[in-house]
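Visitor: I have a structure here, written as structure tokens, and I will follow up with some questions on it.
The values are calculated or read from the model by the stated rules, or taken from the named source; none is laboratory data. Since the structure is predicted, the reported quantities are computational estimates derived from the model, not experimental observations. Here the Cβ positions follow ideal geometry from the backbone for every residue, glycine too, while neighbour counts run over all protein chains shown. Side chains included, ligands, DNA and RNA excluded: accessible areas come from the protein's heavy atoms. Shrake-Rupley method; radii C 1.70, N 1.55, O 1.52, S 1.80 Å.
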Amino acid sequence: MDKLLIEGGVRLSGEIAISGAKNAALPILCAALLTSEPVTFTNVPRLNDIGTLLRLLEQMGVKVSRDGDTVTLDAGGVNNPVASYEMVKTMRASILVLGPLVARFGEAQVSLPGGCAIGARPVDQHIKGLQAMGAEVKVEHGYVHAKVPKLKGARLFTDMVTVTGTENLMMAACLADGETVIENAAREPEVVDLANCLVAMGAQISGAGGDVIRIKGVPALHGATHRIMPDRIETGTYLCAAAITGGDVRVTGTSTCYLDAVVDKLMDAGCEVIGERDAIRLKAPARLTSVSLRTAPYPAFPTDMQAQFMAINAVANGTAVIRETIFENRFMHAVELQRLGADLRIDGNTAFVKGVERLQGATVMATDLRASASLIIAALVAEGETTVDRIYHLDRGYERLEEKLSALGARVRRIR
Ligand code: EPZ
């Protein structure tokens, strides 16, 4: 298993480019299943999760061609609407093939994703929505079996805000008979990016980005070309890395417009954040001020940035209170940060983080994608060397992380 070795103590400086958004690319690649014509995507990040999804689509009969960050998918010859457990267990976002398969082929067999480190992560809302649109859905032997001659537009309400739930149902509704209204829809920018791609393919969607999305079903979608939006969580992660080291960093190919809540907190922590048209520059103080936060659906503070902010609070001046309201078990990075010397205490879904002067390098273990990022951020300022183990978690969501960090001056290397 690969490890990362990081020597702390370098102030990051310089400029790096942000990749396309993982959480936009995953649903958007699945949208290709909705048409028999080829669809081309640009700015697709080179990540393990993307590779896994492309292998799953290929298994279904989708023709995949890839040239750098451009991917063309042709689902004209799909003959196998099944997503096997072997594929789905490694990447729960595979559930995003369910809506498109049912909409286009009238049937699907998709393995239940199962839980993951951060929580049970059920898909009951995805299923409830498809049933409301007329699909017969059974969950047997760990698989979701869905069948329907033709989906019908319906008024859908999700019990909680669910990002992939909204995305799955929005894709399914594109080819349904009549109009679908999704109430309590997720407002994340990635949902909007998916809606923009679907509209380019001929879908009739209005309201994406708000909490009520209307989709008028059409008989078929056609090919299109779509550029994936920048990854706002990768952006926030590098801004945190710059902030914790007292650095001066510019991240390009991105913008502050999807990150208001995160930029707000970085400024409260004492950073100067300058938003440019296609880039963000962050200049950090010698020592950050503690910032408390509470995660919630967009546009509030994103849960995917919670772990990174626990790391920067670990060495900030003061005490921060961090509340995680989305997932039931998303503090696993806390015990690893304690191994680096962080002074924090967990009480249910609340973490109390008292900033310390210095962290000490140690061997730590990554448990999930964003927890890994948090350990890397802490390691950048820990005294001496830190070894981060199990970094396959990182490779799922961060493209060429050690290359980008090294370009900013960090002393980091991967050992196989
Ligand atoms: C998406 O996951 C993201 N993944 C996650 O990013 C992100 O943390 C999450 O949204 C919240 O923003 C992708 O977009 C691929 P949810 P998703 O459905 O859609 C509960 C990362 O690090 N729920 O919005 O799976 C669920 O358990 C990943 O990039 C149900 O109970 O999250 C959770 O508590 C991690 N039933 C809450 O809702 C359902 O049917 C929000 O989950 C669906 C969700």
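Visitor: Each label point is 7 Å from the Cα along the Cα-to-Cβ direction; what then is the distance between the points at ALA407 and ARG46, in nm?
Guide: About 1.2 nm, to one decimal.
Visitor: How many angstrom lie between the Cα centre of the stretch 134-168 and the Cα centre of the stretch 31-58?
Guide: If we compute the Cα centre of each part, the gap is 22 Å.
Visitor: Can I ask one more? Rounded, prolate or oblate: which fits the stretch 54-94 when a ≥ b ≥ c are the square roots of the eigenvalues of the alpha-carbon gyration tensor, with rounded for a/c under 1.5 and prolate only if a/b beats b/c?
Guide: Because a/c hits 1.5 or more and a/b fails to exceed b/c, the stretch 54-94 counts as oblate.
Visitor: Hey, another quick one. Can you tell me how much longer the chain between GLN204 and ARG323 gets when fully stretched, taken as 0.36 nm per residue apart minus their C-alpha distance, in nm with one decimal?
Guide: That works out to 39.0 nm of additional length.
Visitor: I would also like to ask the following. Once you place label points 7 Å from the Cα toward the Cβ at TYR392 and ARG227, how far apart are they in nm?
Guide: Between TYR392 and ARG227, the simple spin-label model gives 3.5 nm.
Visitor: Using all alpha carbons of the stretch 169-291, what is the percent of pairwise distances in each 10 Å bin, ordered from the shortest bin to the longest?
Guide: Pair shares across the bins are 13, 33, 23, 19, 10, 2.
Visitor: If you roll a 1.4 Å probe over the heavy atoms of the protein chains, what accessible area per residue do you get for the chain, in Å²?
Guide: Per-residue value: 37 Å².
Visitor: So, one more: Quick one: grab Rg to one decimal and Dmax as a whole number for the stretch 34-83, Cα atoms only, in Å.
Guide: In order Rg, Dmax, the Cα atoms of the stretch 34-83 give 10.6, 28 Å.
Visitor: First check a/c for the stretch 22-105, with a ≥ b ≥ c the square roots of the eigenvalues of its C-alpha gyration tensor; if it is under 1.5, answer rounded, and if not, answer prolate when a/b is larger than b/c or oblate otherwise.
Guide: Taking the square roots of the gyration eigenvalues as a ≥ b ≥ c, the stretch 22-105 is oblate.
Visitor: Hey, if you drop one equal point scatterer on each alpha-carbon of the stretch 292-372 and run the Debye formula without solvent, what base-10 log of I(q)/I(0) do you get at q = 0.18 Å⁻¹?
Guide: Normalising to I(0) and taking log10 leaves -0.68.
Visitor: Also, I was wondering about something else. Between ARG416 and ALA120, what is the label-point separation in nm under the 7 Å Cα-to-beta-carbon projection?
Guide: It is 4.2 nm.
Visitor: Let me ask you something else. Give the long-range amide H neighbours of ASP177: residues separated by 5 or more places, or on another chain, with amide H under 5 Å away, using H modelled in the peptide plane at 1.01 Å from N.
Guide: LEU151, LYS152, GLY153
Visitor: Moving on. Considering only protein heavy atoms and a 1.4 Å probe, what is the carbon-and-sulfur percentage of the accessible area of the chain?
Guide: Answer for the chain is 48 percent, counting heavy atoms of protein chains only.
Visitor: Still on this structure, please answer the following. List residues of the stretch 119-160, by number, whose backbone nitrogen lies under 18 Å from a label position 7 Å along Cα→C-beta of VAL335.
Guide: 119-120
Visitor: Which of LEU394, VAL251, THR225 sits closest to the plus end of the dipole of the chain, meaning its Cα is farthest towards the positive end, when Lys and Arg get +1 and Asp and Glu get -1 on the C-beta?
Guide: The Cα lying farthest towards the positive end belongs to LEU394.
Visitor: Let me ask something additional. Using 12 Å as the cut-off for backbone N distance, which residues of the stretch 350-393 belong to the label zone defined by a point 7 Å from the Cα of THR289 along Cα→Cβ?
Guide: Answer for this model: none.
Visitor: Report P(r) for the stretch 100-213: all Cα-Cα distances, bin width 10 Å, range 0 to the bin holding the largest distance, values in whole percent.
Guide: P(r) for the stretch 100-213, in whole percents per bin: 15, 47, 34, 5.
Visitor: Next question. Given H placed 1.01 Å from N in the peptide plane, which residues other than close sequence neighbours of ALA208 have an amide H under 5 Å from its amide H?
Guide: The list, which skips near neighbours in sequence, is ARG214.
Visitor: Need one word for the stretch 317-416: rounded, prolate or oblate. Basis is the Cα gyration tensor (sqrt eigenvalues a ≥ b ≥ c); a/c below 1.5 gives rounded, then a/b vs b/c decides.
Guide: Note, shape of the stretch 317-416 comes out oblate.
Visitor: Kindly state, to the nearest 0.05, the FRET efficiency for VAL181 paired with GLU140, given R0 = 30 Å and r defined as their beta-carbon distance.
Guide: After rounding to 0.05, the efficiency reads 0.50.
Visitor: On to the next question. Just need log10 I(q)/I(0) for the chain at q = 0.11, 0.14 Å⁻¹, Debye formula, equal scatterers on the alpha-carbon atoms, no solvent, rounded to two decimals.
Guide: Values, matching the q order: -0.79, -1.21.
Visitor: Same structure again: Kindly give the semi-axes, whole Å and largest first, of the ellipsoid equivalent to the stretch 221-294, taking each as the square root of 5 times a Cα gyration tensor eigenvalue.
Guide: 28, 13, 9
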